[in-house]
Amino acid sequence: MKQYIKKSDYETVNLDDEWIIMNTDNFTVTKLNAIGGFCWTLLEHPQSISSLSQSIKQNYDLQNESLLTDVEEFLGELIEYGLVQNAV
């Protein structure tokens, strides 16, 4: 099962349920909503798409049928932005 983890300990600011991640390696800024920020905090440790989805369901009481797909797309974007990588 594939797992993902933060690539580095980037500067992160949480303002009014929005998360701002500053990638000091690439000089980019990424803004996340509350659920994205929640996922970001979980990625301190290796997480699978399934484990992230389960945590979101429990914390936000969601029953979204497309949640697994949404989490997979979210992780793909974070990888593209250089913030997350496959855990070894």
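The values are calculated or read from the model by the stated rules, or taken from the named source; none is laboratory data. Because the structure is predicted, anything quoted here is derived from the model rather than measured. Cβ atoms come from the backbone with ideal geometry, glycine included; neighbour counts cover every protein chain shown. With ligands, DNA and RNA removed, areas are computed over all heavy atoms of the protein, side chains included. Shrake-Rupley method; radii C 1.70, N 1.55, O 1.52, S 1.80 Å.
On the accessible surface of the chain, probed at 1.4 Å, how many percent belong to carbon and sulfur atoms?
47
Sites listed here are GluC sites (Glu not before Pro) in the range 2-88 whose DSSP assignment is loop and whose Cβ has at most 16 other Cβ atoms within 10 Å: Glu44, Glu65. A 1.4 Å probe run over the chain, with the rest of the protein chains in place, finds 65 Å² accessible per residue.
Considering the range 1-79, its Cα convex hull presents a mean projected area of 5.2 nm². In straight-distance terms, cross-link reach from Lys6 covers every one of the aspartates and glutamates whose alpha-carbon lies under 12 Å from its own, apart from those fewer than eight places away in the same chain; here that gives Glu44. What chymotrypsin sites (Phe, Trp or Tyr not before Pro) in the range 44-88 are in a loop by DSSP, with at most 15 other Cβ atoms within 10 Å of the Cβ? Passing sites in the range 44-88 are Tyr81. Here the Karplus relation 6.51 cos²θ - 1.76 cosθ + 1.60, evaluated at θ = phi - 60°, turns the backbone of the range 2-9 into coupling constants of 5, 10, 10, 8, 4, 6, 7, 8 Hz, with x for every Gly and Pro. Remark: spin-label model distance Leu68-Lys2 equals 1.4 nm, labels positioned 7 Å along the Cα→Cβ axis. Charges were assigned to the Cβ only: +1 to each Lys and Arg, -1 to each Asp and Glu. The resulting dipole of the range 1-68 about its Cα centre is roughly 300 debye.
Once the chain from Asp9 to Val29 is taken as fully extended at 0.36 nm per residue, the excess over their C-alpha distance is 5.8 nm.
Residues whose amide H lies under 5 Å from that of Ala87, counting only those 5 or more places away or on a different chain, are Gln3, Tyr4, Ile5; hydrogens are built 1.01 Å from N in the peptide plane. Please list the helices of the chain that count as membrane-span-like by this rule: a mean Kyte-Doolittle hydropathy of at least 0.5 together with Cα atoms stretching 18 Å or more along the helix axis, each helix being a complete DSSP H run. The answer, listed by residue number, is 67-80.
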